[in-house]
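Take a look at the structure below.
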Amino acid sequence: MCTIELREVEEDGLCEYSHNVWVKLMVSSLISVPWQLLCPHTVPPLLARVVGGEDARAHSWPWQISLQYSRNGAWSHTCGGTLIAPSWVLTAAHCISSSLTYRVVLGEHNLEVEDDGAVVAEVEKIIVHEKWNSFLIIDSKGYGCNDIALIKLSQPVQRSDTIQAACLPPNGLELENGYPCEITGWGRLSTNGPLAEVLQQARLPVVDHETCSQSDWWGGLVRTSMVCAGGDGVVAGCNGDSGGPLSCQRNGLWEVHGIVSFGSSWGCNTAKKPTVFTRVSAYIDWINEVRAELWGWVLPVLLHVQV
Ligand SMILES: [Ca+2]
């Protein structure tokens, strides 16, 4: 694991930095938390599949996508993601490797059989947050890690019974402790267990920052730019759920409040180690900026001359 990580990190020019993180953590005696989980950057990512969940009713999460990469001529599921607009998918930065080719499957239910309503979309461009992986570089808002990426599809997808976008939450909104949200994904069914063929879903209540940052929970590893959910020791995200949504219903609308980011090395469903998500409401400005840039918005100019 360590060798693979370093090699892949090295390609991104972050090797030295990651070592520093590790060394500093060892010094801080936080040895129970492996350094690679701080800002998870394994490729293919090794995080989060739903443990303790149940089969989702087919197509009941129409914004859930499967991010797949090409391997030996076949496509493999690596991460989840969320459709947020006809040609935009939200996922985790640690799901993306610059050396791999990706595709997005929308309207998917069972990864092993052909599903009516599933659509394969080509990727035009992937934009990884420019400050991704800077766990120790905390900005003025107290943000760090920035485990978020946007995928622009080559063609906009048609809305259908099986494919719909999730809403983005209002800028800055933090849900209260215990708010009932749902995690979905094709990740592992238990720690080191089999992958799910059928999309899994599980209720995962929000754990507020005050609780999640307590020393016997995640302590200082969670930033205010993250949201925690779960931690009961039964239900959790697990390897393969990364990038997928934490979906929360508010005022009758389903909003994507989290992007599955990391879990505990002690096991996916460890008590007081809730699944940690990138808090989408902390990145609304970033999402809008990226989308505006790629749209190449043309601003109207009044065609008069000033005399
Ligand atoms: Ca299928």
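Having 2 or more residues that are out of contact with any His (no Cβ under 6 Å at 6 or more places or on another chain) and either acidic (Asp, Glu) or more than 16 Å from the ligand (Cβ to nearest atom) (or both) is the bar; report the strands (runs of 3 or more DSSP E) wholly within segment 58-154 that clear it.
On the way: elements: 64-71, 74-85, 88-91, 102-106, 119-128, 149-153.
In segment 58-154, 64-71, 74-85, 88-91, 119-128, 149-153 are the strands (runs of 3 or more DSSP E) which contain 2 or more residues that are out of contact with any His (no Cβ under 6 Å at 6 or more places or on another chain) and either acidic (Asp, Glu) or more than 16 Å from the ligand (Cβ to nearest atom) (or both).
Given Arg203, Arg223, which one is touching a residue at least 24 places away in the same chain (Cβ under 8 Å), in a strand (DSSP E or B) and over 14 Å from the mean Cα position of the chain (by Cα)?
The match here is Arg203.
Please go through segment 227-260 and give me each residue that is more than 14 Å from Leu204 (Cβ to Cβ) and in a strand (DSSP E or B), ordered by number.
As a first pass, look at segment 227-260 and keep what is more than 14 Å from Leu204 (Cβ to Cβ): 239-240, 242-243, 250-255.
Answer for segment 227-260, where residues must be more than 14 Å from Leu204 (Cβ to Cβ) and in a strand (DSSP E or B): Asn239, Gly240, Arg250, Leu253, Trp254, Glu255.
Among the residues of segment 210-250, count how many are open to solvent by less than 10 Å² (accessible area, probe 1.4 Å), farther than 19 Å from Ser265 by Cα and of a type outside the set (Gly, Ala, Ser).
3
Can you name the condition, by its number, that Ile84 falls short on among (1) surrounded by fewer than 16 Cβ atoms within 10 Å (Cβ to Cβ); (2) touching a helix residue (DSSP H, G or I) at 6+ places or on another chain (Cβ under 8 Å); (3) not polar (S, T, N, Q)?
Single failed check for Ile84: (1).
Among the numbered conditions (1) buried (at least 24 other Cβ atoms within 10 Å of the Cβ); (2) farther than 17 Å from Leu83 by Cα, tell me where Ser264 comes up short.
Condition (1) is where Ser264 drops out.
Consider Ser190 carefully, then state whether it is touching a Pro at 6+ places or on another chain (Cβ under 9 Å) and either in a loop (DSSP other than H, G, I, E, B) or at pLDDT below 95 (or both).
no
The values are calculated or read from the model by the stated rules, or taken from the named source; none is laboratory data. Keep in mind that this is a model prediction, so the values were computed, not measured. Glycine also receives a Cβ, built like all others from the backbone with ideal geometry; neighbour counts cover every protein chain displayed. What goes into the accessible areas is simple: the full protein's heavy atoms, side chains included, and nothing from ligands, DNA or RNA. Shrake-Rupley method; radii C 1.70, N 1.55, O 1.52, S 1.80 Å.
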